[in-house]
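The values are calculated or read from the model by the stated rules, or taken from the named source; none is laboratory data. Small disclaimer: the values here were computed from a predicted structure and weren't measured. Reconstructed Cβ throughout: ideal geometry from the backbone, glycine too, with neighbour counts over all protein chains shown. What goes into the accessible areas is simple: the full protein's heavy atoms, side chains included, and nothing from ligands, DNA or RNA. Shrake-Rupley method; radii C 1.70, N 1.55, O 1.52, S 1.80 Å.
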Amino acid sequence: MRKPQELSSVEKIEQQQGWLQKQTSLEVDCQNSIEAAEKKEEKFLHNRQLSYMEFMNKTSFSDEFKSGQVELKLIYRSGGMLSRQTQQYVDFIQNEWLLRIFKEEQIINYKVSKYQEREFQNQMIPMTLCDIICKKVKSDTVLLSHDPTGSLLFRLASKARQIFYLEEQQYKQVIHEIIKQLQIENKVHRIIKTEINQRIDCVILNLLNQDDLYLKHILLEYLTLGHDLIVILPSKLDNQIIYSSAEAATSQSEQARNHCSVHLQQIYENQQLIAKVLYFGEASEIQLNEELNYLYSCIPDSAKKKYNYKAILKDVRNQIGMTKLVQLFKDTQLLYQGTDINFQMFLSHSRVNINNEKYINHFSTSHNGTESASSTESEEDEDYRKIFEKEYSKSEEIPQFSTKTKIRQISQPIEILL
């Protein structure tokens with residue numbers, strides 16, 4: 001019979017640590033409940049996307065909402081924001097031309113050290129990333145910020161485009177010399193922020209090498225300078241922070257009326273994540289019909305048979321804007337549960353917005369331009385219901401809803417953050 005072997009000191013320590021790392025029954029139960037909740041959320045997301053796809057396949061949309069490119073990748077994030085998240089794989093290409101000009105002694109009047117060369121290379125935006133962004137820019141006027149090496153500047157430069165370049169001092173001499181060589185002095189305008197007195201079509205902001213970002217405040221500031229926004233972000237920045245910051249900033253912007261979606265593109269090079277790019281506005285290439293189709297898929301089939309739901313959403317969108325419309329879907333839980341009760345809540349809280357002009361005209365005409373002192377709230381409800389039935393109802397039954405209905409608070413709101 002073999003004798004039991006004595007454990008070494010290292011093995012004893014590992015054994016003790018192993019016992020310490022064992023979970024108690026309470027910890028195991030807690031872990032199981034967390035995993036169950038995650039699986040439930042994944043199932044919820046899967047079912048929502050399936051209903052969205054089924055809706056898209058069986059529905060024919062009016063000409064207003066048609067699009068040649070409909071991509072089934074919109075996901076609700078938080079607040080009044082939808083998003084699309086994609087990945088793109090690229091090959092590494094070094095911008096040798098820009099680096100060679102930087103090292104020319106006759107331009108900078110001194111010999112570049114290896115350290116200075118590395119510093120310049122570290123601040124260069126990868127050439128393939130520049131190409132991806134350039135393909136997204138359709139605007140004739142562009143505001144470019146935090147591009148000290150000119151990586152994007154000289155890729156964007158063209159005869160038909162005006163570039164407003166927020167110049168930095170570090171490589172100012174090199175930038176000036178390249179602008180002269182390319183003969184684009186009349187197309188590149190070197191400015192400072194205080195000189196911007198009107199919105200520019202598209203803003204491109206490079207934050208690739210920035211740390212400790214107050215992203216919400218940065219996004220909000222640049223949304224006041226332009227209509228569309230493209231932001232290059234470091235790969236280590238968490239997606240949850242990006243989406244929450246984007247939602248907080250865009251919801252406060254003037255653009256929130258027309259746009260409620262962002263596109264987050266993750267760029268991989270040799271299977272390694274090197275950058276993330278956030279698009280907002282027309283630069284996101286997310287069409288209005290895609291956003292509306294997502295909301296249509298949340299409406300129960302019974303309500304679609306009873307109401308002209310497209311006209312309802314169109315009128316509400318015209319009144320309050322796209323972002324607030326998505327927020328209203330969230331507040332009435334239509335984003336989570338497409339039931340008749342939730343749709344009735346949505347109609348109730350949309351009352352002041354639905355077909356408001358027609359309702360006011362009808363109300364003022366029926367009351368000779370003034371509101372009678374004896375007019376009660378129930379009479380106003382009856383007038384409104386008649387107008388609503390005439391405009392939106394597909395059946396003879398007049399919809400029964402009241403402005404007194406209150407939105408139920410969601411005790412545990414589901415916010416999908418991937």
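At-a-glance table
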item: Per residue, in Å², the accessible surface of segment 208-270 once ligands and nucleic acids are set aside, probe 1.4 Å; result: 43
item: At R0 = 51 Å, FRET efficiency that the Cβ-Cβ distance of Thr194 and Ile93 yields, to 0.05; result: 0.90
item: Cα gyration tensor shape of segment 144-203, rounded if a/c is under 1.5, else prolate or oblate by comparing a/b with b/c; result: oblate
item: Asn239-Leu182 FRET efficiency (beta carbon distance; Förster radius 41 Å; 0.05 resolution); result: 0.65
item: For segment 145-204, accessible area per residue (1.4 Å probe, heavy atoms of protein chains only), Å²; result: 52
item: Furthest towards positive pole of dipole, Asn258, Gln287, Tyr336, structure part segment 250-358, Cβ charges; result: Tyr336
